[in-house]
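First the structure, in the form of structure tokens, and then the observations on it.
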Amino acid sequence: MKLKLRKRDISIELMRIIACFFVICIHISVGFSLNGSFSKASTLFVSLFADAVAMFWFITGAFLLKRDDYKKVLKGTFKKVILPTLALIAFIFFFNGWMFEGQGIIESVKNSAARIPSALETIFLWWRTPVPHTGQLWYIFVYIFVMICFPVIKAFVERIEKNHKEKLFLVVSFGILLLNDISNNHFANFNHTVIGALVPAVILIIWGHIIYKNKDKILAKIKSKFFIIPLVVLIFLRASVLIYAHGCGDGDLDRSIVYWYSCLSPLIVTSIFLFLEGGLKKITEGKIINWLILKIGSYTFMIYLLHELVIDCLKKFGIFADVRGYFLANGNVVKLILYYLALGGIIFLISLLASVVLRLIANLAKRGQRMYIAKKEKPKK
């Protein structure tokens, strides 16, 4: 079955979907425990999901630094990122009392109105979200700051490429992340604030740019199927370090390696991309699965925005607790896998459906606006 497809990279779109699902799994994670005690299986899943955000930064780098027009970068960021984010914040800000605190709609809006100045200060001065159900928005604030810094990042990358120092950058940047891991994140103190996340985000963006640009050269030397080996080894290595930390009773040992800014993250994400890039296109070319991946991939930003709200809605109605109790009451490894697939899948699908509906409403609104403007501008006979 041949389908007409937009010119988008199938591997990148699948990475978006995987990253989005992994972010959801992080936010429903049981942590390192199962049945009330430390679990090696749970730790392995923590290690597996840890690179979700790193995948997003890698994807950003694959395309961002090909651009030259700073105004278009800012305009695109405002239209596609800032406006939907502000719309979500405004919706939760005004209707959280009605949705989660038992207030009437009018009461919820009135109570929220008095807090508008402090909310605006939190957003525009402190670059943080002022509302609940949006803890994931730290990534959006960092992303916006990265876009503001675009000319500096692009100039730096052009200097690297002009002097043929790409390999040196990969080695040095890996060394910085490794040194930070060895110091348990005391060296750089990376975190989820705009300033604290900027350096590792830029490192991963540049890795994405370099690897994506040289993907054909790399895959000409190494077959894509072999990248499953470093991928599996590195995930198990991270899990082993976390298990070792638990055995030592050192709660500080996992302050870095369990997060997306670990030195393992660029290696793991690169392995994921090259593994997908080499074989996926041949398998899915012209098939309906290709169309489906591209279609779902186009909704991943909205899925990311909405999933925390969906999780909290499921908690409110007891669905979250019911699913968790069903799979984890007397959990084992198989049930743990089914838990992530079931609950993560439910949240992903609800967020996807909500995203489809919102895009449909937005498109209808745009069409209506165009029709109204055309009718208004139509000369009278």
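Computed from the coordinates by the stated procedures, all read-outs in this text should not be read as laboratory data. Remember, it's a predicted structure, so these values are computed and weren't measured experimentally. Heads up, the Cβs are rebuilt from the backbone with ideal geometry, glycines too, and the neighbour counts pull from every protein chain shown.
Sorted on the mean count of surrounding Cβ atoms within 10 Å across their residues, most packed first, peptides 334-342, 235-243 read 235-243, 334-342.
A cut-off of 5 Å between modelled amide H atoms, ignoring neighbours fewer than 5 places along the same chain, links Ser33 with Ser39. Over the chain, dividing the summed -39,500 (n - 2.57) contributions of all DSSP H runs of at least 4 residues by the number of residues returns a 222 nm mean residue ellipticity of -24000 deg cm²/dmol.
Excluding same-chain neighbours fewer than eight residues apart, the lysines reachable from Lys375 by a Cα-Cα span under 24 Å are Lys366. Annotation: peptides 14-25, 215-226, ranked by per-residue average of other Cβ atoms within 10 Å with the highest first, follow the order 14-25, 215-226. Taking each of Lys162/Lys215; Lys80/Lys110; Lys80/Lys154; Lys165/Lys215; Lys80/Lys376; Lys75/Lys215 in turn, the alpha-carbon distance tops 23 angstrom for Lys80/Lys110; Lys80/Lys376; Lys75/Lys215.
For the stretch 10-286, what's the relative contact order in percent, using C-alpha pairs closer than 8 Å and at least 6 residues apart? Taking the mean separation of contacting Cα pairs over the length of the stretch 10-286, I get 29 percent. In plain terms, the chain from Leu219 to Asn111 could stretch by 33.1 nm, reckoned as 0.36 nm per residue minus the Cα-Cα distance.
Spatially, the stretch 183-209 and the stretch 212-261 are offset by 17 Å when compared through their Cα centroids. The stretch 317-342 to the stretch 11-38: how many Å between their Cα centroids? Value for the Cα centre distance between the two parts: 14 Å.
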